[in-house]
Amino acid sequence: MFTLTDEEKKSLKEIAKLSLYEAVLHDRRLTVDPSKLPQKFLEHLGAFVTLNKNERLRGCIGRFEPDQPLYEVIIDMAISASRYDNRFTPVSPDELTSIEIEISVLTPRVRVNSVDDVIVGKHGIYIVYEGRSGTYLPQVATDMGWSKEEFVRSCCVEKAGIAPEHCKDAELYVYEAIVF
């Protein structure tokens, strides 16, 4: 299973912070030399970047699909959280020193055989059936007080729009979120 050391977490937070400053102060995307990064940062993983100001949400954007190296996802999501979260106005230069950054790295998805393989509170789920898909982060089941069956059924029906009778035929994947 994918893990990050404390030093790697610190480095990813620094990339997010530099991205935030570069975007807000200079209206440009941070450039990073991938040859100087740990191999883990080059893996294709999804991630969320959450910005908080005075312990209140100031922006949060993420990408589930692992279609870029992790460090690039962090750069893009830091920019997006600061500028394109439509719940908030863009972050201004005078706010930068008040912003705290939280990152959630999504581990690679692993296909499981049944709902029995899902561990509530540990696993996020991703469901696919005939071109439809949906996902829930690990904390959704615990926040809602759901059993693993309720968790999977809700994701299948409510998020993916799959008819209840086809949920048992859908592909089921689990992943974890490393939050720091």
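Where a number appears in this text, it was derived from the coordinates with a stated rule and is not lab data. Model, not experiment: these values are computed from the prediction. Counting neighbours? That spans all protein chains shown, and the Cβs are built from the backbone with ideal geometry, glycine included.
Counting pairs of alpha carbon atoms under 8 Å apart in space and at least six apart in sequence, what relative contact order in percent does the chain give?
21
With θ taken as phi - 60° and the coefficients 6.51, -1.76 and 1.60, list the Karplus ³J(HN,Hα) couplings across the stretch 134-142 in order, rounded to whole Hz; mark glycine and proline as x.
x, 9, 10, 5, x, 6, 4, 4, 6
Taking R0 as 30 Å, what's the FRET efficiency between Ala163 and Asp67 from their Cβ-Cβ distance, rounded to 0.05?
Between Ala163 and Asp67 the formula returns 0.60.
Label Tyr84 and Lys36 with points 7 Å out from Cα along Cα→Cβ: what is the distance between them in nm?
That separation, rounded to one decimal, is 2.6 nm.
Check Gly46: other-chain or 5+ apart residues with amide H under 5 Å from its amide H, H built from backbone geometry?
Amide H neighbours of Gly46: Leu106.
So which lysines can Lys13 reach, going by Cα to Cα under 22 Å and dropping same-chain residues fewer than 8 places off?
Lys36, Lys40, Lys53
Quick test of your reading: applying the under-4.7 Å Cβ rule, which cysteines of the chain are isolated?
So far as the 4.7 Å Cβ criterion goes, Cys60, Cys155 stand without a partner in the chain.
Length gain on complete extension for the stretch Asn113 to Met144, per 0.36 nm per residue less the alpha carbon to alpha carbon distance?
In short, 8.8 nm is gained.
Once you compute Rg and the Kirkwood Rh from C-alpha atoms, what is the Rg to Rh ratio for the stretch 43-180?
1.02
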